[in-house]
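Here the structure is laid out as structure tokens; the discussion comes afterwards.
Where a number appears in this text, it was derived from the coordinates with a stated rule and is not lab data. Computed from a predicted model, the values in this text were never measured in an experiment. Virtual Cβ from ideal backbone geometry, glycine too; neighbours counted across all protein chains shown.
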Amino acid sequence: MRISSLSDDLLLKILSSLRTKKCPFNLCFSPNDGSFFGPWFQNSILNMNLVVLKLYKSILVYVPDDLEVSLSSLKTLHLLCVEYENEESHRRLLRGCPVLEELVVDKTDNWSVRSSSVVIPSLERLSVLNQYRDYEAYTDKLEHESYNDRVTINVPSLKYLDYVDIVDYGHLCLSEDMPELVEAHVKLVCKNPEKLMRSLTAVKRLSLCLFNHSMVQHRIGFDQLVHLELCGCSPKWWDLLTWILKSSPKLQVLKLNQCQEECFCSVKPIERWWEELNTCPIKPIEGLPFLNVTFHLNTFEWNYYNGRREEKKLVAYILRTAKRLKIAEISAWDFDPEEESQILKEVASLHRASKSCKLLLGF
């Protein structure tokens, strides 16, 4: 028998009887269970030794002023497209999780909380998602009311971050430093991404897609970065690539990809500023040491390579200067077979500084 087939009264009785503090357990609520979650949460959840709690859609989270949440054993919390009675309910719930290690917050199509805070010293993994599946309904709603989405993050023990917000209408993320951060996946459309990006400077593995490159202007560098995956779908993304190469002296892996989200624009022509990076030796930037940006590079991949003049310069530069390069993999854009073959032949003819470099060409 499925739990959703039971009456609300019976479910409350069953859940209220689970009061042991010796045996940790997990709970997962889906849409059909949402009608009884509110009263049960208020009356019974404080008596449970929860380790994992997952709430999914059509569930209203309401934490009254007089209720003190104390989920002292909770390690994993997923809040997936749930609704909140008010912003304070969201804050009180998180404040009551003192040993939380993993938090997933999916705000997709959620209008009940426009300002949220994640202040959890113990947190090690954080995912904040905002993807808006019904884009037309979303934009129609914004035509009739203002919208200002603010997220505040303070998670000093964080090791993994997944932050995705692909539509921007006043979105702002404020974040404190994350000195323990190992890996971050950031896909963000907003006017001030530097508010988040300046807290990620200790990251070692970074997957990045930004539509605003103000972090270049603010000189945000990544001196511990060894692995970079960069999306090439936004305007002037080469500005961002150039800056990261210059400010990441330990970079070993560089992968250039293409996002598939409909709200992202197509690849834009490369700007003339690329000439600066193409000049060898590299000129030092104020505050940064004089260095060869490809000194440690051992892996280079480019998907959707289209063979434009400036793109050829980048590939030629990396192959010419990366003396430790082991693998260079280039796959062409969707051209006709003859054009693709010609583009990849040109790549194959380029000089390689690394004698052990394996060049892989694909379509």
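For the peptides 246-258, 344-356, residues were scored by their other Cβ atoms within 10 Å and the scores averaged per peptide; the highest-first order is 246-258, 344-356. Report note on the peptides 117-123, 65-71: ranked by the mean count of other C-beta atoms within 10 Å, highest first, their order is 117-123, 65-71.
Under 5 Å from the amide H of residue 119 lie the amide H atoms of 154, each residue being 5 or more positions distant or on a separate chain, with H modelled from the backbone and absent for Pro and chain starts.
Neighbours of residue 97 by Cβ distance under 12 Å: Lys/Arg scored +1, Asp/Glu scored -1, total +2. Taking a 28 Å limit on the Cα-Cα distance, which of the listed pairs 107/246; 57/195; 187/250 fall beyond it? Distance filter (> 28 Å) returns 107/246; 57/195.
At an R0 of 30 angstrom, the distance between the Cβ atoms of residue 350 and residue 258 translates into a FRET efficiency of 0.85.
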